[in-house]
Amino acid sequence: MKKITIFYADDDEDDLMLFNEAIEKISTDSESTIHLHLHKNGESLIENIKKNKQAQGFVFMDINMPFKSGFQLLEEIRKNPETKEFPVIMYSTSSNQDNIDKSQDLGANYYVVKPYEFNELLKIISDFIKINWENHKHDPKTFLYK
């Protein structure tokens with residue numbers, strides 16, 4: 001059985017709840033074991049990644065959060081030798097090209113605009129769960145997930 005660890009950082013309670021519901025639904029329909037770590041801000045995110053990372057794990061992270069932005073956290077993740085290769089998906093309501101470009105420049109693996117429909121969220125998460133992150137090669141042409 002495949003084990004997957006997902007870390008999700010977002011300050012919006014509704015987004016956290018919706019993401020958790022999506023993971024529960026996917027877990028019910030999947031043969032994989034999914035461990036979800038929710039964070040309301042990024043203060044403890046990096047330490048939690050170091051402590052709980054799996055080969056098939058990744059981070060979903062909002063950009064606009066209190067204390068530290070998603071950009072600041074992404075920079076910290078990439079500068080830390082223990083987390084620098086860990087997959088990071090920037091997950092934002094913004095489709096602003098500057099945010100997309102900055103995320104790519106800072107080393108995010110993908111950029112996803114938050115969907116409005118639950119089924120679309122299920123598809124997004126399921127698509128990222130299917131990736132074999134150990135052998136995944138980043139393709140700049142598919143950086144913006146659609």
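The values are calculated or read from the model by the stated rules, or taken from the named source; none is laboratory data. As the structure is a computational prediction, the values presented were derived from the model and not from experiment. Note: ideal-geometry Cβ built from the backbone for every residue, glycine included; neighbour counts use all protein chains shown.
Return a yes/no flag: does the stretch 129-136 have any residue that is assigned to a helix (DSSP H, G or I) and touching a strand residue (DSSP E or B) at 6+ places or on another chain (Cβ under 8 Å).
Pass one, the stretch 129-136, residues assigned to a helix (DSSP H, G or I): 129-130.
Filter once more, keeping what is touching a strand residue (DSSP E or B) at 6+ places or on another chain (Cβ under 8 Å): 129.
Scanning the stretch 129-136 turns up at least one residue that is assigned to a helix (DSSP H, G or I) and touching a strand residue (DSSP E or B) at 6+ places or on another chain (Cβ under 8 Å).
Within the stretch 52-62, is there a residue that is within 19 Å of Phe7 (Cβ to Cβ) and free of Cβ contacts under 8 Å to residues at least 40 places away in the same chain?
Here is the first cut: in the stretch 52-62, the residues within 19 Å of Phe7 (Cβ to Cβ) are 52-62.
Those left that are additionally free of Cβ contacts under 8 Å to residues at least 40 places away in the same chain: none.
No - not one qualifying residue is present in the stretch 52-62.
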When the residues of the stretch 78-107 are filtered to those that are crowded, with 18+ Cβ neighbours inside 10 Å and more than 12 Å from the chain's Cα centre (by Cα), which remaining residue is nearest to His136 (Cα to Cα)?
Thr83
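Can you say whether Asp29 is under 30 Å from Gln97 (Cβ atoms) and not hydrophobic (A, V, I, L, M, F, W, C), as far as the supplied structure shows?
Values: under 30 Å from Gln97 (Cβ atoms): no; not hydrophobic (A, V, I, L, M, F, W, C): yes.
Taking the combined requirement at face value, the residue does not satisfy it.
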For the stretch 41-67, which residues satisfy the criterion of being modelled with pLDDT under 90, surrounded by fewer than 17 Cβ atoms within 10 Å (Cβ to Cβ) and touching an Asp or Glu at 6+ places or on another chain (Cβ under 8 Å)?
Asn41, Lys50, Ala55, Pro66, Phe67
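Whether any residue in the stretch 60-81 is closer than 20 Å to Glu134 by Cβ and either touching a helix residue (DSSP H, G or I) at 6+ places or on another chain (Cβ under 6 Å) or assigned to a helix (DSSP H, G or I) (or both) is what I want to check. Write out each step before concluding.
Kept after step one, since they are closer than 20 Å to Glu134 by Cβ, are these residues of the stretch 60-81: 60, 77-78, 80-81.
Filter once more, keeping what is either touching a helix residue (DSSP H, G or I) at 6+ places or on another chain (Cβ under 6 Å) or assigned to a helix (DSSP H, G or I) (or both): 77-78.
Yes, the stretch 60-81 has at least one match.
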Within the stretch 1-38, restricting to residues that are among the aliphatic types (A, V, I, L, M), within 13 Å of the chain's Cα centre (by Cα) and in a strand (DSSP E or B), the one that is surrounded by the fewest Cβ atoms within 10 Å (Cβ to Cβ) is Leu38
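For the stretch 2-27: of the residues being charged (D, E, K, R) and in contact (Cβ under 8 Å) with a residue 40 or more places away in the chain, which is nearest to Asn48 (Cα to Cα)? Break it down into steps so the answer makes sense when it comes.
Within the stretch 2-27, the subset charged (D, E, K, R) is 2-3, 10-15, 21, 24-25.
Checking which are in contact (Cβ under 8 Å) with a residue 40 or more places away in the chain leaves us with 2-3, 10-12, 15, 21, 25.
On the way: Lys2: 20, Lys3: 17, Asp10: 15, Asp11: 17, Asp12: 19, Asp15: 20, Glu21: 21, Lys25: 24 Å.
That would be Asp10.
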